[in-house]
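The next block holds one structure in the form of structure tokens; read it before the comments.
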Amino acid sequence: MREFKLLIDGKLVSGAARLDVINPATEEVLAEAPRADRAQLDEAVATAKTAFPAWSAKPVRERGALLVRLADALEARKDEFAQLLTQEQGKPLSEAHWEIGFTVGIIRYHATLDLPFEVLKDDATRKIVRQHTPLGVVAAIVPWNFPMLLLVIKVAPALLAGDTLVAKPAPTTPLTTLLFGEVCREILPAGVFNVIVDQNDLGDALSSHVDVAKVTFTGSTATGKKVMGSVTGTLKRLTLELGGNDAAIVLDDVDPIEVAPKVFGAAMMNAGQICLGAKRIYVHDSQYDQICDELGRLARESVVDDGLKQGTQMGPLQNKAQFEKVKGFLEDARRNGKIVAGGEVLNRKGYFIRPTIVRDIPDDARLVREEQFGPVVPVLRYSDVDDAIARANDSEYGLGGTVWAKDLDRAFRVAARIDSGIVWINTFLDVSPDVSFGAAKQSGIGTQLGPEGLEEFTQIKIITIAK
Ligand code: NAD
């Protein structure tokens, strides 16, 4: 079994304890991960603080050049990363390759960015200049559904901006982050990037740490609220990307046969464990039966298996707790709706649930109101598009959403009325490293990616010179 170590102060170190990492496709121990204790957390933060002055003083182009080397090193080992990602997370190998490829793209994009002084005014009496200064130590806290992508979306801008980091992956998917730590160790100065692993017990200590200047967190809305509470002591900067319950609105001019596989993909990618996934599908009365049948057929035909096996289209749920939670949603679906396809767990080892399509379920069912984060998806009927939009917006979440239509102008008018941070028309997960996005309502605070995402890792400073 391969050995994994924490990265603290440029050294690979054992944890104070160990924790088993389970392969969700087999329920067997994949590897042991080092588990940090409070003293190691404090050491990681202290070392990041010590590394900050020299790192932040480097010219931005030098930091960018190191990011290019990091992207190259990650790309050179992409097969190894993708394999490990599938084994710890469960997603099919093709999706793991997509995640690693996108991760490399995020690093390469940030390597090109700059933070120049901007002259805002320059007249006879004064000159006003805007500067972006780095913040200090950043805590990057990551969930288990996209362990690499959601790590690097934080790490790349923080490093470019001149911040140093302590990263904490989710306890069920720490291995790719630890491997990434090994790669960073070869390239970055000691202490600039540190990795600790916990068993869901150090998050609060990290986010409330007096020497942490900013917390960037992706995870559930419930935990995000706790994080928000924990940063108040020192008024830390905060970015939150939280849960969602995104609606897919299918307009009545679509070709059901053509649109069904696309909507199905938007709902079932990563076994539904995707923050921006389609979690409620609204279909017009006139096409409701046909689209439900078509989604049902796609669900029945899906190949659900170990992500490492060729041909697998859907892997297991990532961990036992999530598996149990989604089984609860299946119960709700059975009680309140009609299951078109799926509805059962696989009779084998692993946290497998067949893709499940549920119809004729009321709007107040748990499966419609809450974030299921699994491959169990309700299809809801509407007859008036205003009503569909109102129901889509009737949620405390506001992360993303999709609209599916032939008439693009009409689709745009619908998209413009959805209360969320992202809406895709006739496409899904088309995210670009140079385009910033954020979330509405209780799905988050702040922006990620693009120039605005980078700015969140800096302090804006205005310098005014009297002439
Ligand atoms: P989670 O909130 O349980 O855990 C996320 C991370 O927070 C983990 O690393 C965990 O160890 C840590 N944590 C736990 N308690 C903490 C505390 N008190 N203080 C600080 N950190 C703490 O989320 P999860 O179950 O790992 O992930 C699933 C959730 O993440 C879903 O709700 C999903 O929608 C959301 N998510 C959102 C996005 C997005 O970009 N908006 C992306 C992916 C996932």
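Values as computed for the structure displayed
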| quantity | calculated |
| --- | --- |
| Residue tally, condition in a helix (DSSP H, G or I) and of a type in the set (G, A, S), over the range 163-191 | 1 |
| Residues that are free of Cβ contacts under 8 Å to residues at least 60 places away in the same chain and either among the aliphatic types (A, V, I, L, M) or in contact with a strand residue (DSSP E or B) (Cβ under 7 Å, 6 or more places away or on another chain) (or both), drawn from the range 300-315 | R300, S302, V303, V304 |
| Candidates L135, L165, L175, filtered to the one that is closer than 17 Å to K58 by Cβ and within 16 Å of the ligand (Cβ to nearest atom) | L165 |
| Residues being in a strand (DSSP E or B) and open to solvent by less than 20 Å² (accessible area, probe 1.4 Å) - total across the range 279-299 | 4 |
| Filter result for the condition that a residue is surrounded by fewer than 21 Cβ atoms within 10 Å (Cβ to Cβ), over 24 Å from A416 (Cα atoms) and of a type in the set (G, A, S), over G265, G311, G315 | G311 |
| So L298, is it more than 16 Å from the ligand (Cβ to nearest atom), modelled with pLDDT of 95 or more and under 27 Å from G90 (Cα atoms) | yes |
| Odd one out for R2, checked against (1) of a type outside the set (V, I, T); (2) at pLDDT 95 or above; (3) surrounded by fewer than 18 Cβ atoms within 10 Å (Cβ to Cβ) | (2) |
| Unique residue being over 18 Å from the mean Cα position of the chain (by Cα) and either free of Cβ contacts under 8 Å to residues at least 24 places away in the same chain or outside the structural domain of I100 (by TED's automatic domain parsing) (or both) when the list is D163, D122 | D122 |
| Subset tally (residues that are among the hydroxyl-bearing types (S, T, Y) and either more than 8 Å from the ligand (Cβ to nearest atom) or open to solvent by 20 Å² or more (accessible area, probe 1.4 Å) (or both)) for the range 201-222 | 3 |
| Single residue of the range 166-200 satisfying the filter (surrounded by 20 or more Cβ atoms within 10 Å (Cβ to Cβ) and without any contact (Cβ under 8 Å) to a residue 60 or more places away in the chain) that is nearest to L70 (Cα to Cα) | T177 |
| Helices (runs of 4 or more DSSP H) wholly inside the range 369-467 containing at least 3 residues that are within 16 Å of the ligand (Cβ to nearest atom) and not assigned by TED's automatic domain parsing to the domain that holds N336 | 450-455 |
| Qualifying residue in the range 68-86 (condition: surrounded by fewer than 17 Cβ atoms within 10 Å (Cβ to Cβ), under 24 Å from the mean Cα position of the chain (by Cα), modelled with pLDDT of 95 or more and of a type in the set (G, A, S)) | yes |
| Hey, G350 in contact (Cβ under 8 Å) with a residue 24 or more places away in the chain, on the phi > 0 side of the Ramachandran plot, out of contact with any Asp or Glu (no Cβ under 9 Å at 6 or more places or on another chain) and assigned by TED's automatic domain parsing to the domain that holds A392 or not | no |
| Any hit, the range 345-358, residues being among the hydroxyl-bearing types (S, T, Y), within 16 Å of the ligand (Cβ to nearest atom), farther than 28 Å from K225 by Cα and assigned to a loop (DSSP other than H, G, I, E, B) | yes |
| Qualifying residues in the range 5-55 (those that are under 30 Å from R354 (Cβ atoms) and not in a strand (DSSP E or B)) - the one most open to solvent (accessible area, probe 1.4 Å) | E27 |
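The values are calculated or read from the model by the stated rules, or taken from the named source; none is laboratory data. These figures come from a predicted structure and were not determined experimentally. Cβ coordinates were reconstructed from backbone atoms using ideal geometry, including for glycine residues, and neighbour counts include every protein chain displayed. Only protein heavy atoms, including side chains, enter the accessible area calculation; ligands, DNA and RNA are left aside. Shrake-Rupley method; radii C 1.70, N 1.55, O 1.52, S 1.80 Å.
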